[in-house]
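Quick notes on the structure that follows.
The values are calculated or read from the model by the stated rules, or taken from the named source; none is laboratory data. Remember, it's a predicted structure, so these values are computed and weren't measured experimentally. Every residue, glycine as well, gets a Cβ built from its backbone with ideal geometry; the counts of neighbours run over all protein chains shown. Please note that ligands, DNA and RNA were not included when accessible areas were found on the heavy atoms of the full protein model with its side chains. Shrake-Rupley method; radii C 1.70, N 1.55, O 1.52, S 1.80 Å.
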Amino acid sequence: MADRVFSAADRQFMDHALRLGRRGLGLTWPNPSVGCVLVKDDVIVGRGLTQPGGRPHGETTAIAHAGGSAKGATAYVTLEPCSHYGKTAPCSDALARAGVSRVVCAVGDPDPRVRGRGFTMLRAYGIAVDVGLREHEAALDHRGHFSRIRLGRPFVQLKMAMSSDGFVAVKGGARTQISGPRAHDQVHLMRAMADAIMVGVGTVLSDDPMLNCRLPGMERRSPIRVVIDSRLRLPLASRLVRTAGDIPTWVLGTVGAAPEAERALRAAGCEVMLVRRMEDGSVDVAAALRLLAVRGITRVMTEGGPTLARTLIDADLADEIWLTRSPDPLGDGVPALAGPLPARYRPVESRHAGRDHVEIFLREP
Ligand code: AOF
Ligand code: ZN
């Protein structure tokens, strides 16, 4: 079916729209990052992607870019154009008003306000609509949005760096540099494409990390920093708290655990949110992720230590796992993972990053 409807040119322009859309990952939450390319007579007359904060949408941005040239054009869009009245009129209306004659779309939008109505609306306007080009790729790019809408939690990416013999740090918890500069850059790119980065307070106590994106020119793409901290032990002198005025820092504790620390952290510029306590006193991470989704977070990455990693894996809340292994052994230390990954994780990619080796695993749906 897909091969009959779509030409080689269609594929090229959709790939371009996908690349555009990817640029906005990490910036557009609570909305998905949608790429849109307007093409007339094989020439690109307009391009757009969802703007930071989620509005304007990709299609209206591309239409504004094209001006009058959008009339009679084909729109390549990475997600079903919306059909609902939010702060602005629906993109389906905007495409019709601009005179677009055909819409090629990668994948439907599961948002209950849209869910097929965008396509119905476009067809009612007499626009030709072809759906399903690069559907798999688009679904991967929109994983955050799909997870938030369908599961009520963000897409969760877990990253761990370990020595060749499987340790994350030396015993005693001192900060240990495991991976090299190439792997480090890759992690900072992942940070830029995440809406939030989450760690357990143990990682803060031992490493005092910044958790920002330090790639040159991309500092403004730092994600929201989230600390899972049941008893609110996050030190006021930590780098996270000291920079909370510049980069939003959310501390997720348990209800009623430490009212004084709560006040102090708030006064220092952190946002403190309280969730249910598990029987052992720890934060209910499933509830924590639901809370992040309610706040609009669609993509979370976590670099937070073996305890949080184990909790997420055991609760079946880690969607993608990146294991970076250095060629050097530590001999002894804190083990990365107690035991192997569960069988539901399928290796999907294996690559080199300088001297390190990166393996990516995806959870079976
Ligand atoms: C599009 N193009 O670029 C994006 C879309 O709150 P609103 O009114 O901005 O609507 C948000 C919803 O719109 C979001 O949940 C998703 O379904 C869709 N996002 N749609 O046509 C876009 N970002
Ligand atoms: Zn829209």
Worksheet item: Within segment 24-43, how many residues are within 9 Å of ligand 1 (Cβ to nearest atom) and out of contact with any helix residue (DSSP H, G or I) (no Cβ under 6 Å at 6 or more places or on another chain)?
Response: 4
Fill in: Condition met for Val100 (in a loop (DSSP other than H, G, I, E, B), open to solvent by less than 50 Å² (accessible area, probe 1.4 Å) and either among the hydroxyl-bearing types (Ser, Thr, Tyr) or in contact (Cβ under 8 Å) with a residue 60 or more places away in the chain (or both))
yes
Item to complete: Look at segment 335-351 and say how many of its residues are open to solvent by less than 50 Å² (accessible area, probe 1.4 Å) and touching a residue at least 60 places away in the same chain (Cβ under 8 Å).
Response: 2
Worksheet entry | Residue ranges of strands (runs of 3 or more DSSP E) in segment 234-311 with at least 1 members farther than 20 Å from Phe155 by Cβ and assigned by TED's automatic domain parsing to the domain that holds Pro342 | 249-254, 271-275
Item to complete: Scan segment 41-64 residue by residue and report those that are among the acidic types (Asp, Glu) and open to solvent by 10 Å² or more (accessible area, probe 1.4 Å).
Response: Asp41, Asp42
Discussion item. Looking for something within 23 Å of Phe146 (Cβ to Cβ) and within 11 Å of ligand 1 (Cβ to nearest atom) - is there at least one such residue anywhere in segment 7-14?
Written reply: no
Worksheet entry | Lone qualifier among Asp93, Asp10, Asp109, Asp15 - being in contact (Cβ under 8 Å) with a residue 12 or more places away in the chain, more than 10 Å from ligand 2 (Cβ to nearest atom) and open to solvent by 10 Å² or more (accessible area, probe 1.4 Å) | Asp15
Discussion item. Within segment 63-82, take every residue that is under 16 Å from Arg102 (Cβ atoms) and under 23 Å from the mean Cα position of the chain (by Cα) and give me the one that is farthest from ligand 2 (Cβ to nearest atom).
Written reply: Tyr76
Discussion item. Can you list residue pairs whose Cβ atoms sit under 7 Å apart, with the first residue in segment 44-64 being over 20 Å from Leu122 (Cα atoms) and within 8 Å of ligand 1 (Cβ to nearest atom) and the second being open to solvent by 30 Å² or more (accessible area, probe 1.4 Å) and of a type outside the set (S, T, N, Q)? Count only pairs 6 or more apart in sequence or on different chains.
Written reply: Gly54/Trp29; Gly54/Pro30; Arg55/Lys87
Practice prompt. Taking only segment 65-89 into account, find how many residues are surrounded by 23 or more Cβ atoms within 10 Å (Cβ to Cβ), in a loop (DSSP other than H, G, I, E, B) and either within 13 Å of ligand 1 (Cβ to nearest atom) or among the polar types (S, T, N, Q) (or both).
Written response: 5
Item to complete: Check Thr324, Thr298 and return the single one that is of a type outside the set (Gly, Ala, Ser), farther than 21 Å from Val204 by Cβ and touching a His at 6+ places or on another chain (Cβ under 9 Å).
Response: Thr298
Worksheet item: Which residue out of Arg290, Arg221, Arg295 is open to solvent by 30 Å² or more (accessible area, probe 1.4 Å), touching a Lys or Arg at 6+ places or on another chain (Cβ under 7 Å) and within 21 Å of His145 (Cα to Cα)?
Response: Arg290
